[in-house]
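*Asks:* What follows is a structure written as structure tokens; I'll ask about it next.
The values are calculated or read from the model by the stated rules, or taken from the named source; none is laboratory data. Note that this is a predicted model, so its numbers are computed, not measured. Using ideal geometry, Cβ is built from the backbone for each residue, glycine included, and neighbour counts are taken over all protein chains shown. To get the accessible areas, we keep the full protein, side chains included, count just its heavy atoms, and leave off ligands, DNA and RNA. Shrake-Rupley method; radii C 1.70, N 1.55, O 1.52, S 1.80 Å.
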Amino acid sequence: MSEAVAGAVAERFAQLYGAEPEGVWAAPGRVNLIGEHTDYNDGFVMPFALPHTAVAAVSRRTDGVLRLHSADIEGGVAEFRAADPAPQSDRGWTAYPAGVVWALRAAGHPVTGADIHLDSTVPAGAGLSSSAALEVVVALALNDLFELGLRGWQLARLCQRAENVYVGAPVGIMDQTASACCEAGHALFLDTRDLSQRQIPFDLAAEDMCLLVVDTRVKHAHSEGEYGKRRAGCEKGAALLGVDALRDVAYGDLDEALARLGDEEEVRRLVRHIVTENHRVERVVSLLTSGETRAIGPVLVEGHASLRDDFRISCPELDLVVDTAMASGALGARMTGGGFGGSAIVLTEAAGADAVTRAVEQAFTAAGSTAPRVFEAVPSAGARRLG
């Protein structure tokens, strides 16, 4: 399939730009198994890559011109001077690839322009990191073509800077690192403070289980208010507790920390979620490495309750997925991603996956909600060259 996709994207590039591309690259979206909103608190996360990817056909230019086209957006080729775009001057989709060029150039890398055609199968607005996939695939292509010699984690850092500064979205490092560094058949245990990584085997099919993604089709926008408010609240909590980041509050010291926050009720809730969520990531790593995969189900449910009640970023549709899935025999379920819409994940026995899917779809129909998109999430490869 990769060869067919690469060929189709390369063919469209040639139609647009009048010459064959120098190469075709892919970078995946991701699902976060556990560890939500911990990344910008220097904490632990555990994503894995999806088979859904952003694909880019790219050629270098030496005249300082950046030309961008997306198969997913109506309109023609957008053209910029590579040296001209300024942070937060572009509010459209082009801000993501243009921001990567800006970040590379700002870091001193000699990117002298490019022709880029993009095509993506990562659902936008579903909490599956479509923007990170777009950034990482462009960064990897330019890294290869301009022989920059950057490693995956370094590309992820530059992509995060592009989204933070150029786009203006205060995201953490997880999404870009997952897209750049995940391996097929594994979940990535990432310490977002020092970017140390462990690939944790996660082969559900071998144990007759599967993980469903339920895209509620409720859209969210990270660069708008609520995400930023949560991040600011976490930073306030760290400052009040006298630590560099909430990562530094030990799980065993949580009660004492919450007492010190006094009547700062909103901050108390945010701190409680981050500290307990870091602990949940560590529990899931321990369970998976000891072969107790089914036992992670209740931990996922705990995580959802914390995101719903303490972080308050769930929504009725996400809660409906979790409640219906658990009532239908699932092993565990929780919302995933930034919140306020997007997707939930459901861990289930393989034999029960169809029944859980039908129950969720029927629950949405009964609630008068738009039908969800449900698919199996298979841990897949990170960013790579296709041709």
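*Asks:* Here are GLY337, GLY352, GLY368: which of them is within 16 Å of ALA305 (Cα to Cα), out of contact with any helix residue (DSSP H, G or I) (no Cβ under 7 Å at 6 or more places or on another chain) and either at pLDDT 95 or above or crowded, with 18+ Cβ neighbours inside 10 Å (or both)?
*Replies:* GLY337 is the lone residue from the list that is within 16 Å of ALA305 (Cα to Cα), out of contact with any helix residue (DSSP H, G or I) (no Cβ under 7 Å at 6 or more places or on another chain) and either at pLDDT 95 or above or crowded, with 18+ Cβ neighbours inside 10 Å (or both).
*Asks:* Next question, about the same structure. Restricting the range 183-215 to residues that are over 19 Å from the mean Cα position of the chain (by Cα) and assigned to a strand (DSSP E or B), which is nearest to PRO51 (Cα to Cα)?
*Replies:* Going through the qualifying residues, I end up with CYS210.
*Asks:* Do the conditions hold for LEU104, that is, is it open to solvent by less than 60 Å² (accessible area, probe 1.4 Å), closer than 18 Å to PHE13 by Cα and in contact (Cβ under 8 Å) with a residue 12 or more places away in the chain?
*Replies:* Answer is no for this residue.
*Asks:* Still on this structure, please answer the following. Please pick out the residue among VAL167, VAL122 that is closer than 18 Å to ALA86 by Cα and touching a residue at least 60 places away in the same chain (Cβ under 8 Å).
*Replies:* Details: VAL122 fails: closer than 18 Å to ALA86 by Cα.
Unique residue meeting the criteria: VAL167.
*Asks:* Only one of (1) in a helix (DSSP H, G or I); (2) open to solvent by 10 Å² or more (accessible area, probe 1.4 Å) is not met by VAL9, so which one is it?
*Replies:* With (1) in a helix (DSSP H, G or I); (2) open to solvent by 10 Å² or more (accessible area, probe 1.4 Å) applied to VAL9, the lone miss is (2).
*Asks:* Within the range 162-178, track down each residue that is within 14 Å of the chain's Cα centre (by Cα) and more than 19 Å from GLY339 (Cα to Cα).
*Replies:* Matches in the range 162-178: THR177 only.
*Asks:* Let me ask something additional. Restricting the first residue to the range 376-387 and requiring it to be within 15 Å of VAL55 (Cα to Cα) and open to solvent by 70 Å² or more (accessible area, probe 1.4 Å), which pairs with a second residue that is modelled with pLDDT of 95 or more and not in a strand (DSSP E or B) meet a Cβ separation below 9 Å and a spacing of at least six or different chains?
*Replies:* From the range 376-387, the pairs are ARG384/LEU140; ARG385/LEU140; ARG385/ALA141; ARG385/ASP144.
*Asks:* Continuing with the same structure: Give the residues of the range 178-193 that are crowded, with 24+ Cβ neighbours inside 10 Å and either basic (Lys, Arg) or touching a strand residue (DSSP E or B) at 6+ places or on another chain (Cβ under 6 Å) (or both), sorted by residue number.
*Replies:* Hits for the range 178-193 are ALA178, SER179, CYS182, ALA187, LEU188, LEU190.
*Asks:* Now for a separate question. Given the criterion modelled with pLDDT under 95 and in contact with a helix residue (DSSP H, G or I) (Cβ under 6 Å, 6 or more places away or on another chain), identify the matching residue among VAL171, VAL136. Explain how you work it out, then say what you get.
*Replies:* Numbers: VAL136 fails: modelled with pLDDT under 95.
It is VAL171.
*Asks:* Conditions first: (1) on the phi < 0 side of the Ramachandran plot; (2) in contact (Cβ under 8 Å) with a residue 60 or more places away in the chain; (3) not aromatic (Phe, Trp, Tyr). GLN15 passes all but one, so which condition is the exception?
*Replies:* Only one criterion is unmet by GLN15, namely (2).
*Asks:* Select from the range 245-278 the residues that are β-branched (Val, Ile, Thr) and either assigned to a helix (DSSP H, G or I) or on the phi > 0 side of the Ramachandran plot (or both) and list them in ascending order.
*Replies:* Answer for the range 245-278, where residues must be β-branched (Val, Ile, Thr) and either assigned to a helix (DSSP H, G or I) or on the phi > 0 side of the Ramachandran plot (or both): VAL267, VAL271, ILE274, VAL275, THR276.
*Asks:* May I pose another question? Give the range 61-101 a look and list any residue that's at positive phi and either of a type in the set (Ser, Thr, Tyr) or without any contact (Cβ under 8 Å) to a residue 24 or more places away in the chain (or both), or say none.
*Replies:* Result: GLY75, single match.
*Asks:* Of all residues in the range 94-110, count the ones that are more than 21 Å from ILE73 (Cβ to Cβ) and part of a helix (DSSP H, G or I).
*Replies:* Residues that pass the stated criteria total 4.
*Asks:* Looking at ARG283, ARG268, ARG260, ARG294, can you tell me which residue is charged (D, E, K, R) and open to solvent by less than 60 Å² (accessible area, probe 1.4 Å)?
*Replies:* Residue meeting the stated conditions: ARG268.
*Asks:* Could you check, for the range 289-304, whether at least one of its residues is among the acidic types (Asp, Glu), at pLDDT 95 or above and part of a loop (DSSP other than H, G, I, E, B)?
*Replies:* Going through the range 289-304, the residues among the acidic types (Asp, Glu) turn out to be 292, 302.
Checking which are at pLDDT 95 or above leaves us with 292, 302.
Of the ones still in play, those that are also part of a loop (DSSP other than H, G, I, E, B) are 292.
Yes, there is a match, as at least one residue in the range 289-304 is among the acidic types (Asp, Glu), at pLDDT 95 or above and part of a loop (DSSP other than H, G, I, E, B).
*Asks:* So, one more: Can you name every residue in the range 137-154 that is in contact with a strand residue (DSSP E or B) (Cβ under 8 Å, 6 or more places away or on another chain) and not in a helix (DSSP H, G or I)?
*Replies:* Within the range 137-154, just PHE146 meets the criteria.
*Asks:* Right, something else. For the range 139-150, indicate whether the set of residues that are at pLDDT 95 or above, within 30 Å of LEU320 (Cβ to Cβ) and open to solvent by less than 10 Å² (accessible area, probe 1.4 Å) is non-empty.
*Replies:* Checked against the condition, which is being at pLDDT 95 or above, within 30 Å of LEU320 (Cβ to Cβ) and open to solvent by less than 10 Å² (accessible area, probe 1.4 Å), the range 139-150 yields no hits at all.
*Asks:* Name the one entry in GLY237, GLY329 that is farther than 30 Å from ALA366 by Cα, touching a residue at least 24 places away in the same chain (Cβ under 8 Å) and not polar (S, T, N, Q).
*Replies:* GLY237
*Asks:* May I pose another question? Might you let me know whether the range 248-268 holds any residue that is basic (Lys, Arg) and under 21 Å from the mean Cα position of the chain (by Cα)? Before the answer, list the steps.
*Replies:* Of the residues in the range 248-268, the ones basic (Lys, Arg) are 260, 268.
With the extra rule that they be under 21 Å from the mean Cα position of the chain (by Cα), the set shrinks to none.
Within the range 248-268, none of the residues are basic (Lys, Arg) and under 21 Å from the mean Cα position of the chain (by Cα).
*Asks:* Another question, if that's okay. Yes or no: ALA245 within 24 Å of the chain's Cα centre (by Cα), modelled with pLDDT of 95 or more and either surrounded by 19 or more Cβ atoms within 10 Å (Cβ to Cβ) or not charged (D, E, K, R) (or both)?
*Replies:* Yes: the conditions hold for ALA245.
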